[in-house]
1. Name every residue in the range B:167-187 that is within 23 Å of A:K194 (Cα to Cα) and either among the acidic types (D, E) or free of Cβ contacts under 8 Å to residues at least 40 places away in the same chain (or both), in order of residue number.
2. Would you confirm whether or not the range B:160-176 contains a residue that is open to solvent by less than 10 Å² (accessible area, probe 1.4 Å), within 9 Å of chain A (Cβ to nearest Cβ) and more than 29 Å from B:E191 (Cα to Cα)?
3. Can you report the number of residues in the range B:139-155 which are polar (S, T, N, Q), open to solvent by 20 Å² or more (accessible area, probe 1.4 Å) and in contact (Cβ under 8 Å) with a residue 12 or more places away in the chain?
4. Within the range A:14-24, how many residues turn out to be crowded, with 22+ Cβ neighbours inside 10 Å and without any contact (Cβ under 8 Å) to a residue 40 or more places away in the chain?
5. May I ask you to list pairs of residues, at least six apart or on different chains, whose Cβ atoms are under 6 Å apart, with the first in the range B:97-115 being closer than 20 Å to B:K134 by Cβ and the second being part of a helix (DSSP H, G or I)?
6. Condition test on A:S138, is it among the small types (G, A, S), in contact with a strand residue (DSSP E or B) (Cβ under 7 Å, 6 or more places away or on another chain) and assigned to a strand (DSSP E or B)?
7. Going by the conditions given, is B:A125 assigned to a loop (DSSP other than H, G, I, E, B), within 16 Å of the chain's Cα centre (by Cα) and at pLDDT 95 or above?
8. Here is a list: B:A125, B:A201. Which entry is buried (at least 18 other Cβ atoms within 10 Å of the Cβ), in contact with a strand residue (DSSP E or B) (Cβ under 6 Å, 6 or more places away or on another chain) and aliphatic (A, V, I, L, M)?
Number of protein chains: 2
Amino acid sequence: MIKYSKSDIEAMDRLTRLTLVNSLTGYKPANLVGTISNSGHTNLAIISSVVHLGSDPALLAFIMRPLVGERHTMENILETSYFTINHINRDMAEKAHYTSADFPREVSEFEKCKLSPSFLDGFKAPFVAESHIKIGLSFVETLEIKRNGTIMVIGQVEYVYMDEAYFDQKSGLDLNKAGTICISGLDSYHEVEKWATFPYARVSELPEF
Amino acid sequence: MIKYSKSDIEAMDRLTRLTLVNSLTGYKPANLVGTISNSGHTNLAIISSVVHLGSDPALLAFIMRPLVGERHTMENILETSYFTINHINRDMAEKAHYTSADFPREVSEFEKCKLSPSFLDGFKAPFVAESHIKIGLSFVETLEIKRNGTIMVIGQVEYVYMDEAYFDQKSGLDLNKAGTICISGLDSYHEVEKWATFPYARVSELPEF
């Protein structure tokens, strides 16, 4: 077993530190966040930090660095108050990955990465047509993490679009069936296979381990 | 394609809504958060909301509901200022799942779920011996999400322990090799297999999609 201390990590070269710390949390969900500016420029950003905040009201959030490429996403959300979260599947993974290139704001990642914007039911922000699970959200608030200036962007779920076959009322979305993939570190994409389901955990019903 | 609107989701029975909204974000990392009270009671909680906030300083966070079972974790972190994050692998998944049962604070999930506390190098909070990737963190701050009262708990990485074979300086942790698994919804555990790695995305080097 090896050990890295805080000072070991601080002393690493930048890229080694980035790859290590970006993989510390484990597997990350693979999503595209879709937005549009008031002047009509669409934007698409791959985001691996989407997290569940609560179910009633249905709140999701993601983490954003304020001064890098994804700032167009933030600007658009503040302008329009809407954004979409779209699950990435294997067929669209390479295109989704390249949305992280540093395109200028007037260039749409939809066009450059050959993904199709889809405007559904008059929702302001664009969905990704190629995604099998599409979520439309209204902006709730941002919270700033003072220690490093990153921002948590919070949204409330307004719409969920999916194939009916992906939803089981007892166990939720069948992400395997939907082909959703996950990410580790900065550049590794993974397929996933369900292996076990365990019952709701009650103190009085512990199994014999 | 089916559509659920905000009002459809609000009108669902509680369990259907929970399973749906908990699976909306995609695959979630499977981690155990280890803590100890000042009086020496250890605690272990399965947490699927660990998220990367930044690499320099190395900051991770997770989301906590303030008034349910996991509150012991929060109380311990506020008392001692330290906690651990431990990757869940397949061999320990069932035990890890049952840490979510509502044990009283004086009862340790380590003992009840047959997992082994490991105190390394005098670090205040307990690591999980069975975990292949163990992270020790110092508490930085909490941020409250006002809309639903949940709390984001932020920590700085102080130590990382792992088998040397799991770390590749170019691509970060090899989570497949470490046996780390992921979660969907509330109760589904998944194995993961790496399928692709894509290069750093540059505007000038887009592939032919």
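The values are calculated or read from the model by the stated rules, or taken from the named source; none is laboratory data. Quick caveat, the model's predicted, so the values are computed rather than measured. Cβ coordinates were reconstructed from backbone atoms using ideal geometry, including for glycine residues, and neighbour counts include every protein chain displayed. Note: areas computed on protein heavy atoms with side chains; ligands, DNA, RNA excluded. Shrake-Rupley method; radii C 1.70, N 1.55, O 1.52, S 1.80 Å.
1. Residues of the range B:167-187 that are within 23 Å of A:K194 (Cα to Cα), as a first pass: B:173-187.
B:D174, B:N176, B:K177, B:D187, listed by residue number.
2. Checked against the condition, which is being open to solvent by less than 10 Å² (accessible area, probe 1.4 Å), within 9 Å of chain A (Cβ to nearest Cβ) and more than 29 Å from B:E191 (Cα to Cα), the range B:160-176 yields no hits at all.
3. Matching residues across the range B:139-155 total 1.
4. The number of residues fulfilling the criteria is 3.
5. B:T99/B:E109; B:C113/B:K95; B:C113/B:Y98; B:K114/B:K95; B:L115/B:K95
6. Answer is yes for this residue.
7. Working: assigned to a loop (DSSP other than H, G, I, E, B): yes; within 16 Å of the chain's Cα centre (by Cα): yes; at pLDDT 95 or above: yes.
So B:A125 passes the test.
8. B:A125
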